[in-house]
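The values are calculated or read from the model by the stated rules, or taken from the named source; none is laboratory data. Bear in mind the structure is a predicted one, so any value in this text is a computation, not a measurement. Cβ placement follows ideal geometry from the backbone for every residue including glycine, while neighbour counts extend to all protein chains displayed. The area values use the complete protein model at the heavy-atom level, side chains included, leaving out ligands, DNA and RNA. Shrake-Rupley method; radii C 1.70, N 1.55, O 1.52, S 1.80 Å.
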Amino acid sequence: MVDMINATEPANHSASVCPSSQTVAGRNHTARVYDWDSETQGWILGSFFYGYILTQVPGGYLASRYGAKWLMGLGILSTVIFTLLTPLAADLGAGYLIAVRVLEGIGEGVTYPSMYAMWAAWAPPLERSRLLTLSFTGAQLGTVIALPLSGEICYYLDWTWIFYIFGMVGLVWFVLWSLLVFNSPDLHPRISDRERTYICSSLENEVSRELGPVPWGSILTCRPLWAIVVAHFSYNWTFYTLLTLLPTYMKNVLGFSIQQNGVLSALPYLGSGLLAVGGGQLADYLRDARQYRTVVVRKALSLVGMVGPAVFLVAAGYTGCNPLLAVVFLTISSSLGGLSASGFNINHLDIAPSYAGILLGITNTFATIPGMVGPVVARALTKNNTMEEWQLVFYISAGINLLGAAFYTVFGRGTVQPWAVPKPRPLQD
């Protein structure tokens, strides 16, 4: 959603969705431009996260307690509905658009906690990395498709159709999700008995079949959890800064057109998705075939996936008048970040699989703060869109990334914590 707002930002730094008297010409139409200044635009881009942060922990708790299927399905359905209402809200004014985006965030906030709760019931321990990274790739693939497609839709049709088309796709997704997805192998009517037995037996000593009282005290004082929190926060600062502002940087600093912007802005996410999948395969190979300890694999991939992006992000700010080299460095930076998907990003399932949804809700609550603050800070620092201003933005992101990588390396763990070990079921007469 944020990419679509950025995709049509005019060169004069006023608002950015492609009614006022200003216009942006496409091939067969003239699209209206909203007269929002840089500060207002930053609040619009960040407003989604003010809703998103509210439902992280509640979403994880509800998904773990009652099942993830309908919580995730209805959460995304609500986001789809507000996506369809976005053009109307924009016409009514910036305040209405901010309100709609907050409501979108509330609905979408349950997505990742629900996903983790569901994978806790479905993913055998030695297949977690590859299964989770494959599902994470959907987010990257969506960005890869949405960025260039949004540019084409805005050019050939009208910017409102960006929201209508993706909203309709979301409705189709909800129907398929409702028909095909089940909370656990025990409830699925179409998998084989062999597959059901394999999955359930592999999880027997790690996942509780019935969730008892949540050990909140143990969770909140768990040092490995806080290691994930710090790493997740740090990584997301860079991720959300690029997600919300990369199209702006591509257009106003590197000088790419709307159509070029969409394609080039998608490259970093394509690379990230590919390395995330490859990293998942590598992580499970190292843990299974090579017998590396889980904590070693998680820390190694987190280091490469956080230090590497920091280095190339800073380098991108020193490419001068070579936009091609800047795109290459930004693509390498985001691509390497994909490796962290098999690092700290799925470590919740290693240390407390029964409470993975709740743990993800906690870490993602903190990791959402960069989405709220990062765009506002970056906008404040890049009012003139000079290369020197963007260098400062990149330095801040890289520094936060390095701190997160160091903290996780020291305090991260890879085994089920004592408070999360399932209690043995009593023997039956």
Phi to ³J(HN,Hα) by Karplus 6.51 cos²θ - 1.76 cosθ + 1.60 over the stretch 61-71, Hz, x for Gly, Pro: 5, 5, 5, 5, 7, 10, x, 8, 4, 6, 5
27 Å Cα-Cα reach of LYS251 towards lysines, excluding residues that sit fewer than 8 places from it in its own chain: LYS383
Loop trypsin sites (Lys or Arg not before Pro), the stretch 274-328, which have at most 14 other Cβ atoms in a 10 Å radius of their Cβ (DSSP): ARG290, ARG293
43 Å tail of the calculated P(r), the chain, as % of Cα pairs: 12
Distance cut-off 12 Å, percentage of C-alpha pairs in the stretch 175-222 lying past it: 73
The stretch 325-412: Rg to Rh, with Rh as the Kirkwood radius over Cα pairs: 1.04
Rg/Rh for the stretch 120-242, where both radii come from Cα atoms and Rh is the Kirkwood radius: 1.07
Accessible area in square angstrom per residue, the chain, 1.4 angstrom probe: 42
Carbon + sulfur, % of accessible area of the chain - ligands and nucleic acids excluded, 1.4 Å: 66
